[in-house]
Amino acid sequence: TRFLQEAAARDLPVLGICLGAQMIAKAAGATVTKNRVEEVGWGTVSLTGEGLADPLFRGLPATIPVFQWHGDTFGIPAGGTLLATGEDCHHQALRFRRSYGLQFHLEANRTLLAEWFAGKDAAAGILRRCDELAPELGHHARTLLANFLAIARLPR
């Protein structure tokens, strides 16, 4: 957490995914706790008003299909902003200074998911849904990454 605290103090851009989001929240003084349910599989997140206005989500729809694989959730630290919510896990994305945390996996693709779920019963359904969503997922992931890189280049 020390690295993340220093990055925030220096106003450096950080993008944390899943555990990375939880670490950003914790480093900023928020709590990380068990979520009421474990989320594993495909779902959607909805951008908050702040999320819709945030440059990280520019060009993305208000509701985004995402892959989830976590049992914990994070609080929103003082000075932080909730950017996206979900039905089974309310806190899905946050910004604290120039650090962004995504609880979900927008980067999930067929190759990654096939590796994560190799030999598991859920693999076929997860991969079938991934194939259905592939064009949309790829577009959203590339858009978010390009937005983050643009944010990272902005002067402090």
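The values are calculated or read from the model by the stated rules, or taken from the named source; none is laboratory data. Just so it is clear, the structure is predicted and the values come from calculations on it, not from any experiment. Virtual Cβ from ideal backbone geometry, glycine too; neighbours counted across all protein chains shown. These area figures cover heavy atoms from the full protein model, side chains too; ligands, DNA and RNA do not enter into them. Shrake-Rupley method; radii C 1.70, N 1.55, O 1.52, S 1.80 Å.
Numbers below:
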quantity: Qualifying residue in region 101-120 (condition: in contact (Cβ under 8 Å) with a residue 60 or more places away in the chain, in contact with a Cys (Cβ under 7 Å, 6 or more places away or on another chain) and open to solvent by less than 60 Å² (accessible area, probe 1.4 Å)); calculated: yes
quantity: Checklist (1) more than 22 Å from Leu133 (Cα to Cα); (2) among the aliphatic types (A, V, I, L, M); (3) surrounded by fewer than 19 Cβ atoms within 10 Å (Cβ to Cβ) applied to Ala30, failing item; calculated: (3)
quantity: Pairs, first under 17 Å from Ala108 (Cβ atoms) and without any contact (Cβ under 8 Å) to a residue 40 or more places away in the chain in region 56-80, second part of a loop (DSSP other than H, G, I, E, B) and not hydroxyl-bearing (Ser, Thr, Tyr), C-beta under 9 Å, six or more apart; calculated: Gln68/Cys18; Gln68/Gly86; Gln68/Asp88; Gln68/Cys89; Gln68/Gln92; Gln68/Gln103; Gln68/Phe104
quantity: Subset tally (residues that are surrounded by fewer than 17 Cβ atoms within 10 Å (Cβ to Cβ), among the hydroxyl-bearing types (Ser, Thr, Tyr) and farther than 14 Å from Leu133 by Cβ) for region 34-75; calculated: 1
